[in-house]
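A quick write-up on the structure given underneath.
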Amino acid sequence: MMKNLNKKINVSGQAVLEESDVKPILETLKDKLISKNVAEEVAQKIVNTVESNMVGKKLTSFTRVTTAVTKAVESALTQILSPGRNINILQEVEASRREGEPYSIVFIGCNGVGKSTNLAKVAFWLMQHGMKVMIAACDTFRSGAVEQLRTHTQRLGVELFERGYEKDPAAVAKEALKKAKESRCDVLLIDTAGRMQDNEPLMRALSKLINMNNPNLTLFVGEALVGNEAVDQLTKFNNRLIELSSQDQPHKIDGIVLTKFDTIDNKVGAALSMVYISGAPVIFVGCGQQYSDLRRLNVKQIVSVLLS
Amino acid sequence: MVLAELGNKITGALRSMANNTFVDEAVLDNCLKDIATALLQADINIKLVKQLRDNVKRAVQIEDMASGLNKRKVIEKAVFSELCSMLDPDTEPYELKKGRSNVVMFVGLQGNGKTTTCTKYAYANKRKGYRPAMICADTFRAGAFDQLKQNCTKAGIPFYGSYTETDPAAIAAAGVQRFREERYDLIIVDTSGRHKQEDALFEEMREIEEAVKPDCIVFVIDGSVGQAAYDQALAFKQTVPVGAVIVTKLDGHAKGGGALSAVAATDSPIIYIGTGEHIDEFEQFHTKSFVSRLLGLGDWTGFMDK
Ligand SMILES: Nc1nc2c(ncn2[C@@H]2O[C@H](COP(=O)(O)OP(=O)(O)OP(=O)(O)O)[C@@H](O)[C@H]2O)c(=O)[nH]1
Ligand SMILES: Nc1nc2c(ncn2[C@@H]2O[C@H](COP(=O)(O)OP(=O)(O)OP(=O)(O)O)[C@@H](O)[C@H]2O)c(=O)[nH]1
Ligand SMILES: [Mg+2]
Ligand SMILES: [Mg+2]
């Protein structure tokens with residue numbers, strides 16, 4: 001088999017690609033993706049798609065099979081990571097402002113992924129763009145969650161809306177929205193408690209908060225460290241939001257905040273897994289613990305690291 | 001639980017091989033491929049998976065004379081002994097000693113569950129008759145001291161920390177000294193989250209370690225961490241003498257393989273696993289009995305007790 005492969009790779013000209021030409025190369029590429037922390041299932045699916053696209057194709061002269069296959073994978077990755085719908089938060093906030101309504105963003109996700117910290121970074125970013133921001137402390141469960149946000153709001157000089165612990169987070173969000181409108185805030189950032197995607201009562205509580213308050217934007221916060229679990233997290237958060245929705249147009253995940261990007265070296269695969277599974281674009285990348293550590297996703301760079 | 005799921009997949013792969021009358025190279029490759037896929041889906045580090053595959057193949061080749069049933073046994077044994085050596089670092093965890101102040105320091109990546117786990121650990125040992133006390137040596141994270149304070153208050157555990165002191169090593173040293181004087185026999189030091197890419201954070205960890213000279217350093221890792229787990233864990237181990245691992249958030253769906261890679265990297269046993277946000281959602285983990293069940297291919301449940 002190896003001999004056969006070597007021969008084919010070096011062959012240029014009009015050879016029609018067969019499964020046996022493409023498969024070994026794709027296996028290697030799949031391993032590469034997994035080593036970069038792409039979920040196994042996602043890596044396999046991408047490779048399968050490329051395989052079915054390639055088999056039967058004629059290669060133009062002087063193209064090596066490896067080159068052609070790698071190119072095909074590269075363009076598949078780029079396509080997955082490039083947002084189908086673009087969300088321009090600043091423009092949307094402006095539009096809301098003209099209508100006299102605060103624009104609301106809710107941050108959701110599993111425990112400890114960086115929701116509260118990156119919410120504070122987004123507040124900082126919005127303020128740099130001249131927006132008046134309010135933060136709602138709707139994690140009424142985890143010890144220190146309210147004080148954590150109070151510290152951030154004091155440092156940033158923005159208003160905090162909180163009702164302490166053990167309150168219904170959906171009700172706190174509702175009050176906060178009212179207050180944000182009264183205070184003529186442009187944006188209300190709603191922090192929520194971390195939860196596991198399988199925790200039914202907590203998923204219901206989250207759905208209630210969203211149904212009751214109709215946020216303009218629902219951001220899923222996921223950490224770049226997460227492995228295969230990314231698939232299950234995104235699938236279940238999205239599905240539960242849709243299934244539990246009381247509306248004709250259910251809210252689902254609008255976008256992703258990819259955090260802790262500074263902790264993973266070249267293992268950038270979680271970005272791919274998350275976007276592949278949810279179809280939602282990465283809107284922000286958190287890359288540190290300072291307010292200014294918030295970036296845009298660089299698709300080109302990610303693709304090149306994935307294949308390097 | 002999830003390790004069991006992985007176990008089932010591996011057992012399944014071995015069983016499907018048993019359905020073949022002849023175990024030739026292709027059959028072996030297929031079986032190893034299935035096992036590798038299961039391990040990768042569980043976030044086991046890809047390098048470790050490759051190693052396992054090679055080692056099994058080598059073991060089988062050595063025993064090449066054997067055939068049929070024997071060959072299958074050889075493969076089975078090789079697979080499981082590889083898994084076991086990954087899980088069982090062959091070092092015993094630090095045993096708390098009654099009648100003296102045991103100092104245990106918690107370290108780990110950001111948000112992996114250190115502060116929560118400190119409280120669970122304190123509470124579990126309080127129930128075993130120890131007198132625990134906790135120190136917040138996290139001066140970085142917003143609300144860190146409040147979090148620890150509220151946790152301790154709920155659990156009825158004394159705490160020490162500061163809103164104004166900015167040097168975590170100084171706080172840790174002062175706290176340990178005070179609780180030693182007050183004769184607490186389990187002094188727990190919570191530290192900030194950190195990662196290997198930021199030298200200053202690792203240097204800070206070293207300073208705290210030097211200041212309190214802990215009897216045991218516990219590395220806390222989130223069960224959902226993927227391929228980056230191994231490198232991070234290794235870097236922690238190379239900076240401070242990690243002696244035990246606690247894997248958190250296993251109440252989700254995560255298979256915890258990243259965390260198992262961390263065991264391989266730190267050469268330290270898993271002592272507990274976290275299975276929820278509440279203080280009692282914490283289970284003791286017995287590597288040995290887990291491994292022996294793994295070897296016995298038997299019952300996969302019940303290798304933990306509460
Ligand atoms: N290195 C790094 N650390 C981060 C980043 N974002 C957040 N963190 C850290 O991750 C830890 C957890 O962050 P939080 O914002 O409290 O996470 P959370 O999702 O709100 O946590 P819960 O509310 O408990 O579910 C903190 O120590 C943060 O400083 C990031 O981009 N890079
Ligand atoms: N579901 C679940 N959540 C957990 C578990 N252990 C911790 N958590 C949650 O994970 C989040 C982060 O926990 P912390 O204890 O603040 O983590 P940390 O490592 O101290 O974070 P930093 O100090 O910012 O590095 C919180 O929301 C905890 O409630 C667990 O076993 N299961
Ligand atoms: Mg939070
Ligand atoms: Mg902490």
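The values are calculated or read from the model by the stated rules, or taken from the named source; none is laboratory data. Keep in mind the model is a prediction, meaning the values are calculated, not measured. Positions of Cβ are backbone-derived with ideal geometry, glycine not excepted, and every protein chain shown enters the neighbour counts. SASA here: full protein model, heavy atoms, side chains in, ligands and nucleic acids out. Shrake-Rupley method; radii C 1.70, N 1.55, O 1.52, S 1.80 Å.
Against the longest alpha carbon principal axis of chain A, how many degrees, from 0 to 90 and to the nearest 10, is the axis of helix A:145-156 turned? Compared with the principal axis, the helix lies near 90 degrees. Could you check the spin-label model distance between B:ASP280 and B:ASP29? Points 7 Å from the Cα along Cα→Cβ, value in nm. For B:ASP280 paired with B:ASP29, the spin-label model returns 5.4 nm. Placing R0 at 30 angstrom, the Cβ-Cβ distance between B:GLN177 and B:LYS97 gives a FRET efficiency of 0.95 after rounding to 0.05. Legend: mean number of C-beta atoms from other chains within 10 angstrom of residue C-beta atoms, peptide A:123-135, equals 0. The mean count of C-beta atoms from other chains within 10 Å of the C-beta of residues in B:251-258, rounded to a whole number, is 6. From a point 7 Å beyond the Cα of A:ALA15 in the direction of its Cβ, which residues of the stretch A:47-71 have a backbone N at a distance under 18 Å? Residues A:51-71 fall inside that zone. Of the GluC sites (Glu not before Pro) found in the stretch A:102-196, those that fall in a DSSP loop while having at most 10 other beta-carbon atoms within 10 Å are A:GLU166. The simple Förster model, with R0 at 45 Å and r as the Cβ-Cβ distance, assigns B:TYR163 and A:VAL305 a FRET efficiency of 0.65.
Oblate is the label for the protein assembly as shown. Its Cα gyration tensor axes, ordered a ≥ b ≥ c, give a/c of at least 1.5 and b/c at or above a/b. Each DSSP beta bridge with both residues in the protein assembly as shown is either parallel or antiparallel, and the antiparallel ones are about 15%. Relative to the longest principal axis of the Cα atoms of chain B, the long axis of helix B:199-212 lies at roughly 70 degrees.
Taking every DSSP bridge with both residues inside chain A, close to 10 percent are antiparallel. Among A:LYS30, A:LYS260, A:LYS45, the largest mean-square fluctuation in a Gaussian network model of chain A, built with springs joining Cα atoms closer than 10 Å, belongs to A:LYS45.
Taking the longest Cα principal axis of chain A as reference, the axis of helix A:115-128 is set at about 80 degrees. Residues B:PHE179, B:PHE22 ordered from highest to lowest accessible area at a 1.4 Å probe: B:PHE22, B:PHE179. Applying both filters, DSSP loop and at most 15 other Cβ atoms within 10 Å, to the chymotrypsin sites (Phe, Trp or Tyr not before Pro) of the stretch A:42-141 gives A:PHE62. Could you check how much of the accessible area of chain A is carbon and sulfur, as a whole percent, using a 1.4 Å probe? That fraction is 50 percent. Counting only lysines at least 8 places from A:LYS23 when in the same chain, those with an alpha carbon closer than 18 Å to its own are A:LYS3, A:LYS7, A:LYS8, A:LYS32, A:LYS45, A:LYS57, A:LYS58, A:LYS71, B:LYS33. At a probe radius of 1.4 angstrom, the accessible area of the protein assembly as shown per residue rounds to 42 square angstrom.
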